[in-house]
Amino acid sequence: MSKGEKIIAEIYHECDEKIAVINKENDAACDEIIEKAKAKAKEITENARFLVEEQSAKLLKAHQSKSELEKRNMLLKARRQEIDKAVDHVLEYMENLPDKVYFELIYSLAKTSDLKEGIVYFNSKDLKRVPKNLESRFAEKGISAKLSDTPNDTIESGCILKNGDIEENMSFSAVIAQRREEIEDLISKELFK
C-alpha cells in the first residue's frame, strides 16, 4: 500500500470514528429532547386534559423539528471539519513529496501558467533542493524562467513565477484554493459515500 493510500485509509478510518461518535451524541441529544417533551406533555395533561392533546402534539413536533435541525447542523459541521482535515492532509502530502515528484508537480503547474517568462521564486527550504535543470525543465513547458537566488518565505510550498508586476502564484495552497470546490466534491464523495 502506497503512502498516499495509507493516508487516505487513515482519513477514512478517522472519518468513520468521528461520524460514529457524532451519531451517538446526536442520538443521546434527541432522546433527551424527546424525554423533556414527554415530561412537559404530562404536566399539561394534569392541568387541562382537553388542551393536552393539541399542545403535546405541537410541542413534540417542535422539539423533533428542532432536534432534527440540530442533528443536521451538527452533521454538516462535522462533515465540513472532516473535509477541511482531508484538504489539509492533501496539502501536507503534496508538501512532503520526494524531491523528484515534488518538482515534477511544479513543472506540471508551470505548463498551465499564463506567464511565459519571468523569475521563479521558492521558499528557503525548496531553494536548497531545486534541481540543476530547473530552468531547462521550465523551458520544456514553454516558459523562459530564471531562478531567483533570493528565497520568498511567504510561499509554503510550490513557487511563484513573476514578470514585472505580474505574478503567477503556483504555490500548492493557492492551487488548492483555486480548485477547492472541485477538491471538496471529490473528498466528500469519498468520505461520505
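Nothing in this text is a laboratory measurement; each read-out follows from the coordinates by a stated rule. Every value quoted in this text rests on a predicted model; they were computed, and no experiment measured them. With ideal geometry, Cβ positions are generated from the backbone for all residues, glycine too; neighbour counts draw on all protein chains shown.
Against the numbered list (1) over 23 Å from residue 88 (Cα atoms); (2) touching a Ser or Thr at 6+ places or on another chain (Cβ under 8 Å), residue 122 comes up short only at (1).
When the residues of segment 152-170 are narrowed to those that are outside any strand (DSSP E or B) and polar (S, T, N, Q), which ends up farthest from the chain's Cα centre (by Cα)?
Keep residues of segment 152-170 that are outside any strand (DSSP E or B), which gives 152-157, 164-165.
Filter again for polar (S, T, N, Q), leaving 152, 154, 157.
Values: 152: 26, 154: 21, 157: 17 Å.
Here the residue is 152.
Can you tell which of 136, 113, 65 is of a type outside the set (Lys, Arg) and not in a helix (DSSP H, G or I)? Result of the check over 136, 113, 65: 113.
Which of the residues belonging to segment 161-193 are among the basic types (Lys, Arg) and over 22 Å from residue 135 (Cα atoms)? Selection gives 179, 180, 189, 193.
Give the residues of segment 70-116 that are of a type in the set (Val, Ile, Thr) and closer than 23 Å to residue 188 by Cβ, sorted by residue number. Let's see the steps before the verdict.
From segment 70-116, those of a type in the set (Val, Ile, Thr) are 83, 87, 90, 101, 106, 112; that's our starting set.
If the condition is that a residue be of a type in the set (Val, Ile, Thr) and closer than 23 Å to residue 188 by Cβ, then 83, 87, 90 are the ones that fit.
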